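Report on one structure; see the data block that follows.
The values are calculated or read from the model by the stated rules, or taken from the named source; none is laboratory data. In this text the structure is predicted, and so the values were computed from the model without any measurement. Cβ placement follows ideal geometry from the backbone for every residue including glycine, while neighbour counts extend to all protein chains displayed. Please note that ligands, DNA and RNA were not included when accessible areas were found on the heavy atoms of the full protein model with its side chains. Shrake-Rupley method; radii C 1.70, N 1.55, O 1.52, S 1.80 Å.
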Amino acid sequence: MEQIRNFGDERQVAQCAYCGRDTPTRDHVPSRVLLDEPYPENLPVVPACRECNEGFSADEEYVACLIDCVISGTTSPEKVQREKVRRILLNKQALTARLAATRKEKRGATEYSIEDSRVRNLVLKLGRGHALFELNEPQYEKPSSVGYIPLLLLSDSARARFDHLQASAVWPEVGSRAMQRLARTSPGIPEWIVVQPSRYRYVAFVDDAVVVRMVLSEYLACEVIWS
Ligand SMILES: [Zn+2]
């Protein structure tokens, strides 16, 4: 990935992106479990306290495995697409059993009753990380909305809204990565940042609200808004 230095206010650099506590430790955003090896260089990194760093890993593994199981149509480790997910399913049998139990065949179609709070928890974490990294705007408050839906299930109008990025009347903080990117694109329209093709992309911008959108495995569309 292209590396852009943050020239913005560095006051937040020592505070956890997720809870605001002072911390010397760091966390990758997106989490590496959502990416395949070899990892892209210069992955975004934000400060994160040890509790947050460790506290999200179960949800991260759950979501990574859930998405790949849904895409692959199976919870069998030997049949899923991603090597990393295969390893997790083989090593964490409780998780594999939980995923298998939520998978149901219904009139010829496969359905998963997903653990909503775990997905939401991760989407919010990713949103907070990207907001800090890109916009230099830590978001410790409760967001006004956290949403996720498979891209395929978006209506045409919802898909158009999700994909649409427009020049904003409000600019990100001077020196932030988003502002530096914006200064290069014309006419100042924010653009998707592809962390790993077909695996993870995101965009963060400030409008009337702080908005972060992510697409995981070109399957799950996610959005977090702080207005
Ligand atoms: Zn924390």
Hey, can you tell me all the residues within the stretch 26-39 that are farther than 14 Å from Gly127 by Cα and either within 9 Å of the ligand (Cβ to nearest atom) or open to solvent by 30 Å² or more (accessible area, probe 1.4 Å) (or both)? Arg26, Arg32, Asp36, Glu37, Pro38, Tyr39
Does the stretch 40-62 hold any residues that are polar (S, T, N, Q) and either surrounded by 19 or more Cβ atoms within 10 Å (Cβ to Cβ) or at pLDDT 95 or above (or both), and which are they? none
Looking at (1) open to solvent by 100 Å² or more (accessible area, probe 1.4 Å); (2) free of Cβ contacts under 8 Å to residues at least 60 places away in the same chain; (3) more than 10 Å from the ligand (Cβ to nearest atom); (4) not polar (S, T, N, Q), find the lone condition where Ala14 falls short. (1)
State whether the residues of the stretch 75-87 include one that is in contact (Cβ under 8 Å) with a residue 40 or more places away in the chain and either open to solvent by 60 Å² or more (accessible area, probe 1.4 Å) or hydrophobic (A, V, I, L, M, F, W, C) (or both). yes
Expected output for the stretch 18-46 (first residue at positive phi, partner hydrophobic (A, V, I, L, M, F, W, C), Cβ below 8 Å, 6+ apart or cross-chain) is Asn42/Met1
Quick check on Thr23: is it modelled with pLDDT under 95, within 16 Å of the ligand (Cβ to nearest atom) and surrounded by 15 or more Cβ atoms within 10 Å (Cβ to Cβ)? yes
Residue ID - surrounded by the most Cβ atoms within 10 Å (Cβ to Cβ), chosen from residues in the stretch 95-147 that are closer than 18 Å to Asp59 by Cβ and among the hydroxyl-bearing types (Ser, Thr, Tyr): Thr96
Going through the stretch 125-166 one residue at a time, which ones are charged (D, E, K, R) and either touching a His at 6+ places or on another chain (Cβ under 9 Å) or farther than 13 Å from Tyr202 by Cβ (or both)? Glu137, Glu141, Lys142, Asp156, Arg159, Arg161, Asp163
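Results for (1) part of a strand (DSSP E or B); (2) aliphatic (A, V, I, L, M); (3) touching a residue at least 60 places away in the same chain (Cβ under 8 Å); (4) in contact with a Leu (Cβ under 6 Å, 6 or more places away or on another chain), shown as yes or no for each residue.
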| site | (1), (2), (3), (4) |
| --- | --- |
| Pro172 | no, no, no, yes |
| Arg181 | no, no, yes, no |
| Pro187 | no, no, no, no |
| Glu191 | no, no, no, no |
| Ala204 | yes, yes, yes, yes |
| Val212 | yes, yes, yes, no |
| Glu218 | no, no, yes, no |
| Ala221 | yes, yes, yes, yes |
I'd like the residue in the stretch 174-209 that is at pLDDT 90 or above and surrounded by fewer than 17 Cβ atoms within 10 Å (Cβ to Cβ) and, out of all such residues, is nearest to Pro38 (Cα to Cα). Pro197
